[in-house]
1. Rounding to the nearest 20 debye, state how big the charge dipole of the range 9-146 is about its Cα centre with +1 on each Lys and Arg Cβ and -1 on each Asp and Glu Cβ.
2. Once you sort the root eigenvalues of the Cα gyration tensor of the range 8-163 as a ≥ b ≥ c, which label holds: rounded (a/c under 1.5), prolate (a/b larger than b/c) or oblate (the other case)?
3. Under the rule of -39500 (n - 2.57) per DSSP H run of 4 or more residues, summed and divided by the residues of the chain, what mean residue ellipticity at 222 nm is obtained, to the nearest 500 deg cm²/dmol?
4. By the gyration tensor of its Cα atoms, with a ≥ b ≥ c the square roots of the eigenvalues, what is the shape of the range 165-221: rounded for a/c under 1.5, prolate for a/b over b/c, or oblate?
5. Ranked highest first by average number of other Cβ atoms within 10 Å, how do 35-48, 81-94 line up?
6. Once you place label points 7 Å from the Cα toward the Cβ at residue 90 and residue 58, how far apart are they in nm?
7. How much of the accessible area of the range 1-155, in percent, comes from carbon and sulfur atoms when a 1.4 Å probe is used?
8. Using +1 at the C-beta of Lys and Arg and -1 at the C-beta of Asp and Glu, which of 87, 205, 229 has the Cα lying farthest in the positive direction of the dipole of the chain?
Amino acid sequence: MTTTMPFSDTSLVRDIVNEIPKSADLFKSYRIDFCCGGNRPVKEAAAERNVNVDKLMEDLAQVYEKSAGEPVDMEVWTNTDSETLINHIIEKYHRPLEEELTMLSPYVTKVAKVHGDSHPEFLRVHDLFFALKKELLEHTAKEEATIFPTLLTLDQLEGEEREKTVAELKKLEEEHDAAGAILFELRDITSDYVPPIDACGTYRLVYKRLEMLEAETFMHVHLENNILFPRYY
């Protein structure tokens, strides 16, 4: 018996990911942006990527059926209070992100030095990675130092102070867009993180960890852009 999905091709991408977190992996496989560009209908997002929307909906139905009955941590996704969600973002994404960017940096530098001549595309990977590192570290530091504490007191702010904070949230979303653009270029230039046939172990390690970094960053941005920030608009 086929399970009827609670969404259609006119549903927003972000709402589907909120309902079925595992759909994020499917959207990623189609290179459909569910975090920065998640506030639009599935059919529109599919058209932009030249994806057959009927095939995409079939695949989403399979993900939905497989997910039916599985426990989903909806508290973290949509129903929790902002303070708990912010703490979750910091501990689940900010702290591991800082550690991974620090640990991965010397490997990226090593591969660029050793293999840059024979694989010049990796020189671009190197530059993109360090641009992404700078962008994300500055971004998360700003969130923790000023934005997140202000959000927790926003209900007490009025007039210009509140408008200023909302404007800051819009700027953060633009920064998310910039990071997302770097990640999409990384995926393109690495041919979906498929290492060249002569790649050494470190080369392969870098590709694997960059792909993991992409997945974590997309989910991180989704929680902020599509769940946390809209509460204050």
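1. 580
2. Because a/c hits 1.5 or more and a/b fails to exceed b/c, the range 8-163 counts as oblate.
3. Rounded to the nearest 500, it is -20000 deg cm²/dmol.
4. prolate
5. Result, highest mean first: 35-48, 81-94.
6. The two pseudo-label positions are separated by 4.7 nm.
7. Solvent-exposed carbon and sulfur of the range 1-155 make up 51 percent of the total.
8. Looking along the dipole axis, the top candidate is 205.
The values are calculated or read from the model by the stated rules, or taken from the named source; none is laboratory data. Remember, it's a predicted structure, so these values are computed and weren't measured experimentally. All Cβ positions, glycine included, derive from the backbone under ideal geometry; neighbour counts span all protein chains shown. All accessible areas refer to the heavy atoms of the entire protein, side chains included, with ligands and DNA or RNA removed. Shrake-Rupley method; radii C 1.70, N 1.55, O 1.52, S 1.80 Å.
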